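Novice: Before I ask anything, here is the structure I am working with.
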Amino acid sequence: MKPLTVVFFGISGAGKGTQIHILKKFLEEQDTNRHVLHFDMGVGLRELAKTPTLLATKVKHIMAQGGLVPSFVCSFVLTDFLSKYFRSDDHLLIDGTPRRVAQASALDAELAFYDRPEYEIVSFEISEETARQRMLGRGRADDTEHAIEGRIQFFNEHVIPALELLKGRGRVVHHIPAEGTPAE
């Protein structure tokens, strides 16, 4: 099996995290000679926010206000992660980026730099109503109706154009219906 690179898209509640976990476990079992590296932008930003730097202070403030971290910071977090942990023969699973057109362009260039220009994109497709129901059902404090509407609007205005940019560059996009159970 050659090294696999997969970038995941999907509105909040689409089941990306669940499916990434399933894929990671499958790859670890099927290809025991290769490491499976999983990058999650949310985790990366939270880790950055713990450091004693001005950047961390600013990121922590933005996140506490429910704001959007600038694209250049997201690109930095991914670049820093890959520079520390990525080996050329690893399987690579990416979640949480790109979420804007600038991030999509930067990710595309970075994966080409690391000799992974033929990566796969998996886009989990659910309706806005299913997304609302799933987010409200999680019971998280930040899953308020107002916050959920903001996430849906952001997804439509920024994430879909990022996906379309990559599709326009010839990247393979697998549209997966995700209304059912995780097994489905």
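The values are calculated or read from the model by the stated rules, or taken from the named source; none is laboratory data. Quick caveat, the model's predicted, so the values are computed rather than measured. With ideal geometry, Cβ positions are generated from the backbone for all residues, glycine too; neighbour counts draw on all protein chains shown. What goes into the accessible areas is simple: the full protein's heavy atoms, side chains included, and nothing from ligands, DNA or RNA. Shrake-Rupley method; radii C 1.70, N 1.55, O 1.52, S 1.80 Å.
Novice: For the chain, modelled as a GNM with alpha-carbon contacts under 10 angstrom, which of P117, P52, P70 fluctuates the most?
Specialist: P52
Novice: On to the next question. Seen from all sides and averaged, what is the projected area of the convex hull of the Cα atoms in the range 110-184, in nm²?
Specialist: Average projection, Cα convex hull of the range 110-184: 6.5 nm².
Novice: Ok, one more. Report, to two decimal places, the Cα Rg of the chain normalised by 2.2 N^0.38 Å (N = number of residues).
Specialist: 1.03
Novice: Please work out how much length the chain gains when fully extended from E118 to K24, using 0.36 nm per residue of separation minus the C-alpha to C-alpha distance, in nm with one decimal.
Specialist: The span from E118 to K24 would gain 31.9 nm if fully extended.
Novice: Using 32 Å as the Cα-Cα cut-off, could you pick out the over-long pairs in K25/K167; K50/K167; K16/K58; K16/K84; K2/K50?
Specialist: Distance filter (> 32 Å) returns K50/K167; K2/K50.
Novice: Continuing with the same structure: Relative to a virtual label point 7 Å from the Cα of I62 in the Cα→beta-carbon direction, which members of the range 91-109 show backbone nitrogen distances below 17 Å?
Specialist: 96-107
Novice: How high is the relative contact order of the chain, in percent, with contacts defined as C-alpha pairs under 8 Å that are six or more residues apart?
Specialist: In percent, rounded to a whole number, it is 35.
Novice: With unit charges on the beta carbon (Lys/Arg positive, Asp/Glu negative), name the residue among G168, I152, G137 whose Cα is farthest towards the positive pole of the charge dipole of the range 124-170.
Specialist: G168
Novice: Which value, in debye to the nearest 20, gives the size of the charge dipole of the range 90-184 about its Cα centre, when Lys and Arg are +1 and Asp and Glu are -1 at the Cβ?
Specialist: Roughly 140 debye, rounded to the nearest 20.
Novice: Of the heavy-atom accessible surface of the range 86-178 (probe 1.4 angstrom), what whole percent is carbon and sulfur?
Specialist: Ligands and nucleic acids excluded, carbon and sulfur give 55 percent.
Novice: Right, something else. So what is the 222 nm mean residue ellipticity for the chain from helices alone, if each DSSP H run of at least 4 adds -39500 (n - 2.57) and you divide by all residues, rounding to the nearest 500 deg cm²/dmol?
Specialist: So the calculated ellipticity at 222 nm is -15500 deg cm²/dmol.
Novice: Give, as ranges by residue number, the residues of the range 80-108 whose backbone N falls under 11 Å from the point 7 Å along Cα→Cβ of T53.
Specialist: 80-81
Novice: Would you work out the charge dipole size for the chain about its Cα centre, treating the Cβ of every Lys and Arg as +1 and the Cβ of every Asp and Glu as -1, and quote it to the nearest 20 debye?
Specialist: Around 500 debye, computed over the chain.
Novice: Residues of the chain: accessible area per residue at 1.4 Å, in Å²?
Specialist: That works out to 55 Å² for each residue.
Novice: Follow-up. Which value results when the Cα radius of gyration for the range 16-98 is divided by 2.2 N^0.38 Å?
Specialist: The reported ratio for this selection is 1.23.
Novice: Given the C-alpha centroids of the range 10-31 and the range 143-184, what is the distance between them in whole angstrom?
Specialist: 16
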